[in-house]
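The next block holds one structure in the form of structure tokens; read it before the comments.
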Amino acid sequence: MNHADKTPHNKILVCLGDSITYGFPYGPQSSWVKVLAGKIAVMPLNRGMNGNTTSDMLHRLPEELRNPGVSHVHILGGTNDAWMESNPEYSRRCIEQMVQMCFKKNITPILGITTPVCTVADGGNSFFPFGLDEIINWLNRHRVWLQEYAAAQSIPLIDYFTPLCQTGTQIGDPFYFIDEAHLSNAGNSKMAQVAIKALADMF
């Protein structure tokens, strides 16, 4: 299948997330979501917001679901929860509530496995001033839960973690990052490739 020839239908994929979805620091025009346009059979909407936790995303979701064209919601978050030392159970409940909101509207939720943390990014920048080990451990536990929850609920799950890691490790590949958390242009391109391949099988 030639994904580049796909023409979006009148259905909408809401990409709900944080700065990883937004495209920080370059902006939405350079994000991985932008690359999806015309390559999947729905119209992607970038609804990433810098600094959002899963709780923030939960509060924003009802407004997005009022759009009658929305058929799918892509939910990707957790890094800011880890940074802010949120209670893992609370973050999980936020994701569960978002999923249930989608189900009640007959909208398909799609979960994303959070991207890795990069300890030495090519950009040479630093985002997390402290607690890097704690953030990594929080996210590792969160990813395990995401996989278990998605499997139990038969929810589509896209792995953005493994493709962005250095081979054979659980640490982000410096080529794909400008700091510990945010993607370079190459990282956004890689993430788009992963998303296009996974989403093409869903529509």
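Quick note: the coordinates plus some simple rules give every number you see, no bench work behind them. As the structure is a prediction and not an experimental result, all values here were calculated from the model. Ideal geometry is used to build each Cβ from the backbone, glycine not excepted, and the neighbour counts take in all protein chains shown.
Quick look at the values:
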| read-out | value |
| --- | --- |
| Bridge type composition, the chain - antiparallel percent by DSSP, nearest 5 | 10 percent |
| Which of Tyr26, Tyr90 has the fewest Cβ neighbours within 10 Å, and the rest in rising order | Tyr90, Tyr26 |
| J(HN,Hα) series, segment 176-189, from Karplus relation 6.51 cos²θ - 1.76 cosθ + 1.60, nearest Hz, glycine and proline x | 9, 10, 9, 8, 5, 10, 9, 7, 7, 4, 5, x, 5, 5 |
| Formal net charge of residues neighbouring Leu65 (Cβ-Cβ distance under 12 Å; K, R +1; D, E -1) | +3 |
| Evaluated over the chain, the Cα radius of gyration and Dmax, each in Å | 15.8, 46 |
| Relative contact order, percent, the chain [alpha-carbon distance under 8 Å, six or more residues apart] | 24 percent |
| Check: segment 3-200 dipole with +1 on Lys, Arg Cβ and -1 on Asp, Glu Cβ, in debye | 900 debye |
| Highest-fluctuation residue, Met84, Met101, Met191 considered, GNM on the chain with Cα pairs under 10 Å | Met84 |
